[in-house]
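**Student:** Here it is, the structure, as C-alpha cells.
Rule-based calculations on the coordinates, nothing more; no lab input. Keep in mind that this is a model prediction, so the values were computed, not measured. With ideal geometry, Cβ positions are generated from the backbone for all residues, glycine too; neighbour counts draw on all protein chains shown.
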Amino acid sequence: MLNFKHLHYFYTVAKTGAVNRAAEKLHLAPQTLSGQLSQFEDRLGVELFRRTGRRLELTDTGRQVLSYAEEIFQVGAELEQSLRNSREDRTFPFRVGIADVVPKSIAYQLLAPALTLADPVHLVCREDRLDHLLGELAIHRLDMVLADRPMPPGMDVKGYSHPLGECGVAFFAAPALAARLTGDFPACLNAAPLLLPGEDSALRAPLLRWMERKNLHPRIVGEFDDSALKKAFGKAGAGVFPAAVATGEEVESQYGVIRLGETRDLRERFFAISVERKVTHPAVLAILQASNLALLA
C-alpha cells in the first residue's frame, strides 16, 4: 500500500525544489527528510529526482507521480472542506475542461446554468488543447469538456458528445482596415489580410472551403489557437478575423472593430463531452437542459 506520509514528503520537496526548504516546512531535519525520500524511491523502485546544482529536478517518473499527488491532495482538501462546511453551505466541485478554441464569452454563456443550482457549485475551469482535456476526462479528473466539435473519432477515450448550440460566423476588422477594403461582403475579403483560427479549430477547414467556393483569395497573415489573441491582433489592425455571430456585439464593443458581414453557410458548433451517455452529474444536467440548438442563432 502507498505510504501517504512519504507521498506528502515527496510532494513538498517537489514543490519547493530543495530538501532544506521542504524540511523547514515539514519541521524535520534535512537528513531525516532525505532518508524518507530514499525509502519512498526504494519502495516504488524508481528515481523521482535528479540533482542539478543545488536544486532537485523531477525525473519524468517524478513528474508523473507529482501529477497524481496533486490530484490526491486536492481531493483530500475538498473532502476536508466538505466535512467542515455545514450542509447548508456545502458546495460540490464541478471540474470543466474548455478547449482553447472556444470563445470565453460562449464558454460562460454555456456554463452559466450550472451556477444557478440550489446546491452551490465550486466551478474549476481548465483550458487546454482538446486532446489533452479528453485524456483528463478519461481518468475522471474532469467532469465535462466544452469543445467546438464532437468527440473525435479514433481516440482511445470513451466519451459521449452532447450538442449545446450553434450559430453563424461573422467577419470583423479594425475601422482603419475596413475603410481600405473594397466591395461588398464577402467580396471585400478578396486580397484582404486574414487572421485564421488555428489547426485545432473545427471552423478552420470549413472556412477555407467556403472561401474557395466563393472564389475568395485573402492573404493569410496569422494563425491563432487562442481566439482572444486572434481578436487582439484584429483590434490592432493586423487583419480581418472570423468570430461567432453570437459574440458579435461583444466583439464590436470590446475590441472596437466593425462587422463586415456574416454568413450562415459557416456554423460554429459547441458540445459538452462527458464519460456518461446518460448524464447524472447535476451541473452537467443543468447545462444540457438549458441548451437549445437555436439559442445562439
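**Student:** Lys15: which lysines have alpha carbons under 27 Å from its alpha carbon, excluding same-chain residues fewer than 8 sequence positions away?
**Tutor:** Partners found: Lys5, Lys25.
**Student:** While we're on this one: Relative contact order (percent) for the range 4-83, with alpha-carbon contacts under 8 angstrom and 6 or more residues of separation?
**Tutor:** Details: 60 pairs, mean separation 22.4, N = 80.
Relative contact order for the range 4-83 comes out at 28 percent.
**Student:** Can you tell me the order of 125-134, 6-15, 97-106 when each peptide is scored by its average per-residue count of other Cβ atoms within 10 angstrom, highest first? Could the numbers behind the result be given before it?
**Tutor:** Details: 125-134: 17.5, 6-15: 19.6, 97-106: 22.2.
The densest-packed peptide leads the list: 97-106, 6-15, 125-134.
**Student:** Right, something else. Based on the Cβ-Cβ distance of Glu70 and Glu199, what FRET efficiency does E = 1/(1 + (r/R0)^6) give at R0 = 35 Å, to the nearest 0.05? Show your work: numbers first, answer last.
**Tutor:** Numbers: r = 30 Å, r/R0 = 0.85.
Here the calculated transfer efficiency is 0.70.
**Student:** If a/c stays under 1.5 just call it rounded; otherwise compare a/b with b/c (prolate if a/b is bigger, oblate if not). Do that for the range 166-269, with a ≥ b ≥ c from the square roots of the Cα gyration tensor eigenvalues.
**Tutor:** Rounded shape, in that the Cα axes give a/c under 1.5.
**Student:** Let me ask something else. Any chance you could list P(r) for the range 59-201, counting all Cα-Cα pairs in 5 angstrom bins from zero, rounded to whole %?
**Tutor:** With a bin width of 5 Å, the distribution comes to 2, 7, 13, 15, 14, 14, 11, 8, 6, 4, 3, 2, 1, 0.
**Student:** Placing unit charges on C-beta atoms (Lys and Arg positive, Asp and Glu negative, everything else neutral), compute the dipole magnitude of the range 43-173 about its Cα centre in debye, rounded to 20. Show your work: numbers first, answer last.
**Tutor:** On the way: 16 positive and 19 negative charges, 95 e Å.
I would put it at about 460 debye.
**Student:** Continuing with this model, one more query. Looking only at the chain, where both bridge partners belong to it, what percent of the DSSP beta bridges are antiparallel (to the nearest 5)?
**Tutor:** Values: 23 of 40 bridges.
Antiparallel bridges make up about 60 percent of those DSSP assigns within the chain.
**Student:** Which shape class, rounded, prolate or oblate, goes with the range 117-170 when its Cα gyration tensor gives a ≥ b ≥ c as root eigenvalues, a/c under 1.5 marks rounded, and past that a/b bigger than b/c marks prolate?
**Tutor:** On the way: a/c = 1.81, a/b = 1.08, b/c = 1.68.
Verdict is oblate for the range 117-170.
**Student:** Give me the number: length gained by fully extending Leu26 to Asp119, i.e. 0.36 nm times residue separation minus the C-alpha to C-alpha distance, one decimal in nm. Could the numbers behind the result be given before it?
**Tutor:** On the way: separation 93, 0.36 × 93 = 33.48 nm, distance 3.66 nm.
Computed gain between Leu26 and Asp119 is 29.8 nm.
**Student:** Just going by the charge dipole of the chain, with Lys and Arg at +1 and Asp and Glu at -1 on Cβ, which of Ala107, Thr247, Leu56 is farthest out on the positive end?
**Tutor:** Farthest towards the positive end: Leu56.
**Student:** Can you pull the Kirkwood radius for the chain, inverse mean 1/r over Cα pairs, to one decimal in Å? Show your work: numbers first, answer last.
**Tutor:** Working: mean 1/r = 0.0447 Å⁻¹.
This gives a value of 22.4 Å.
**Student:** Put a dot 7 Å past each Cα toward the Cβ at Asp226 and Ala176; how far apart are the dots in nm?
**Tutor:** 2.3
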